[in-house]
Amino acid sequence: MGFPRGRRRLVMAVAALLAIAAVAVIVHRVLAPAEVSTLARGDYPAPARPAAGVIGRLPVAPLIVDGRLRVYAAHRQVYADRPVDGRYRTSPYWSYRRWPAELTGIVASGSTVVSRWSDGQLVALDARTGGVLWKADGPKPAASTAVVRRTWAAPVWDPRGLQLADLPGGRTVLLVSGDAQARGVELSDGRELWRVDLPGRCRSDVGTSSSGQLIGLDTCAGPATIEFRDAATGVVRERWRPPGGPDELLVTPLGCRTGQSDCLALRTSGPGDEGGRGWLLGAGVPVAAPALDPAGAVLVGDQAVVVLDGVAVGRSAATGTELWRSEGLGAARVLAAQPGRVHLLTEANDLVTLDPATGAQLSRFLLNVGSDGTGWAPGAVAAADGYVAVERLRKPVDPDGDDRRYYYTGEAVILAAT
């Protein structure tokens, strides 16, 4: 015997409602905003002291944090591995995921790692544990058509609209900007210090100065102008143009502590210029520094370093006085710099590290790992805590090629200790 017709319809209706409810639960679980924080298991590693040489190769760009961890970016994740001098990427030490927001950039100061997301949210993580220290709302990132390649070098080594500025007394301010707004956030607790409206894409960030200012380039009305905004208050203290400079300006920060943060100088040039004009930054308007004029010159501390005709030359950035020279490098170029070190890359892909104060050679070795060889061109580069990480690109470099054509190998980043 079956169910009476009325009862059968009732059972079918209840079953349908239960099915709809089950689907709704599944859809909610899949589509609802979510975050997953996987905390560290094990002790915070001590700083490593590896011998000078190639450490290994990695598939993605590392951000060296606190001299102890490597932190990486992914589409919806920021994560760390250890040890900092490990030959390969290992299982995550900690991990933080958000959904459906996408990761747009990361920066770090000490043991604090700040991630920025496509919905504007800022999430600060404790590098020692992976735990969330604070969350804050920020302006949505500026729209970008730039392709994020598989190493994630741009969001990790050069995050757009995400800078740090150190202030007197040990404070650090996180500076976050989008197309329409900029904000200053206290790094220690996520407290908002100020917010200002911006005119749009005609203004862009350049970096921050070691004197605690956000440097911007304003092309909104008339000739390009460089603005210096106080990182603690958001007030524009100076608006400046290089005397006799072109209406269109390209501005390159120099002597930065990390990335484009806490920079000591900048170089201005016009479109197509091979060199430009170097300027030292301080509390007032920039001061001319001709030693930084040549394209490829870098600033490390008080010294300007450039390679000319195979000779590395160190000069006083303030006076231009030659301090030292290192010959016999051949067709070398300045690859990167960090406090206490300037890194050169020779035509044979030897990495040569010099003391910027004396020119003394600190290390020299071939940038090769395994059987990969050296038939590659350098791409994006980062240098911090004595380490150098370099993207290896396939020759001839095709900037429009897909990742398989663009990169030299699957594990495209080579990591070295200097």
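The values are calculated or read from the model by the stated rules, or taken from the named source; none is laboratory data. Computed from a predicted model, the values in this text were never measured in an experiment. All Cβ positions, glycine included, derive from the backbone under ideal geometry; neighbour counts span all protein chains shown. The area values use the complete protein model at the heavy-atom level, side chains included, leaving out ligands, DNA and RNA. Shrake-Rupley method; radii C 1.70, N 1.55, O 1.52, S 1.80 Å.
In the stretch 136-172, what residues are assigned to a loop (DSSP other than H, G, I, E, B) and either closer than 16 Å to Ser261 by Cβ or hydrophobic (A, V, I, L, M, F, W, C) (or both)?
At the first step, the residues of the stretch 136-172 found to be assigned to a loop (DSSP other than H, G, I, E, B) are 138-152, 158-161, 167, 171.
Result: Ala142, Ala143, Ala146, Val147, Val148, Trp152, Asp158, Pro159, Arg160, Gly161, Leu167, Arg171.
Hey, Ile106 hits all of (1) under 23 Å from Pro62 (Cα atoms); (2) assigned to a loop (DSSP other than H, G, I, E, B) but one; which does it fall short on?
It is condition (2) that Ile106 fails.
Within the stretch 388-408, restricting attention to residues that are under 22 Å from Val71 (Cβ atoms) and touching a residue at least 40 places away in the same chain (Cβ under 8 Å), which residue is surrounded by the fewest Cβ atoms within 10 Å (Cβ to Cβ)?
For the stretch 388-408, the residue satisfying everything is Asp403.
Run down Val369, Val342 and say which single residue is over 13 Å from Ile414 (Cβ atoms) and in contact (Cβ under 8 Å) with a residue 12 or more places away in the chain.
On inspection, the qualifying residue turns out to be Val342.
Of the residues that make up the stretch 152-163, is at least one free of Cβ contacts under 8 Å to residues at least 60 places away in the same chain and farther than 21 Å from Cys220 by Cβ?
For the stretch 152-163, residues free of Cβ contacts under 8 Å to residues at least 60 places away in the same chain and farther than 21 Å from Cys220 by Cβ: present.
Failed condition for Leu58, given (1) under 27 Å from Leu362 (Cα atoms); (2) open to solvent by 30 Å² or more (accessible area, probe 1.4 Å); (3) under 20 Å from the mean Cα position of the chain (by Cα), with all others met?
It fails just one condition, (2).
Looking at Gly234, Gly216, Gly207 in this structure, which one is surrounded by 16 or more Cβ atoms within 10 Å (Cβ to Cβ), in contact (Cβ under 8 Å) with a residue 12 or more places away in the chain and either more than 22 Å from the chain's Cα centre (by Cα) or assigned to a loop (DSSP other than H, G, I, E, B) (or both)?
Just a single option satisfies the conditions, and that option is Gly234.
Of all residues in the stretch 257-280, count the ones that are assigned to a loop (DSSP other than H, G, I, E, B), open to solvent by less than 60 Å² (accessible area, probe 1.4 Å) and under 14 Å from Ala297 (Cβ atoms). It would help to see each step written out before you state the result.
Filtering the stretch 257-280 down to residues assigned to a loop (DSSP other than H, G, I, E, B) leaves 257, 259-260, 262, 264, 270-276.
The next check asks that each one be open to solvent by less than 60 Å² (accessible area, probe 1.4 Å); those that pass are 259-260, 262, 264, 270, 275-276.
Add one more test, that the residue is under 14 Å from Ala297 (Cβ atoms), and what stays is 264, 275-276.
Residues that pass the stated criteria total 3.
Suppose the filter is touching a Phe, Trp or Tyr at 6+ places or on another chain (Cβ under 9 Å), within 22 Å of Ala34 (Cβ to Cβ), surrounded by fewer than 20 Cβ atoms within 10 Å (Cβ to Cβ) and in contact (Cβ under 8 Å) with a residue 12 or more places away in the chain; does Arg76 pass it?
Against the criterion (touching a Phe, Trp or Tyr at 6+ places or on another chain (Cβ under 9 Å), within 22 Å of Ala34 (Cβ to Cβ), surrounded by fewer than 20 Cβ atoms within 10 Å (Cβ to Cβ) and in contact (Cβ under 8 Å) with a residue 12 or more places away in the chain), Arg76 qualifies.
Can you confirm whether the stretch 81-96 contains a residue that is under 21 Å from Asp403 (Cβ atoms), in contact (Cβ under 8 Å) with a residue 24 or more places away in the chain and under 16 Å from the mean Cα position of the chain (by Cα)?
From the stretch 81-96, those under 21 Å from Asp403 (Cβ atoms) are 88-89; that's our starting set.
Restricting the remaining residues to those that are in contact (Cβ under 8 Å) with a residue 24 or more places away in the chain gives 88-89.
If we keep only those that are under 16 Å from the mean Cα position of the chain (by Cα) as well, we get none.
For the stretch 81-96, residues under 21 Å from Asp403 (Cβ atoms), in contact (Cβ under 8 Å) with a residue 24 or more places away in the chain and under 16 Å from the mean Cα position of the chain (by Cα): absent.
How many residues does the stretch 109-118 hold that are more than 14 Å from the chain's Cα centre (by Cα) and part of a strand (DSSP E or B)?
Within the stretch 109-118, residues that are more than 14 Å from the chain's Cα centre (by Cα) and part of a strand (DSSP E or B) number 2.
Between Ala377, Ala357, Ala384, which is touching a Gly at 6+ places or on another chain (Cβ under 8 Å) and within 30 Å of Trp324 (Cα to Cα)?
Ala357
Determine whether Leu292 is within 25 Å of the chain's Cα centre (by Cα) and either of a type in the set (Ser, Thr, Tyr) or open to solvent by less than 30 Å² (accessible area, probe 1.4 Å) (or both).
yes
What number goes with the only condition from (1) surrounded by 14 or more Cβ atoms within 10 Å (Cβ to Cβ); (2) in contact (Cβ under 8 Å) with a residue 24 or more places away in the chain; (3) over 17 Å from Leu217 (Cα atoms) that Ala283 does not pass?
Checking Ala283 against (1) surrounded by 14 or more Cβ atoms within 10 Å (Cβ to Cβ); (2) in contact (Cβ under 8 Å) with a residue 24 or more places away in the chain; (3) over 17 Å from Leu217 (Cα atoms), the one that fails is (1).
Sort through Leu133, Leu122, Leu175 and tell me the only one that's open to solvent by 60 Å² or more (accessible area, probe 1.4 Å) and either assigned to a strand (DSSP E or B) or out of contact with any helix residue (DSSP H, G or I) (no Cβ under 7 Å at 6 or more places or on another chain) (or both).
Leu133
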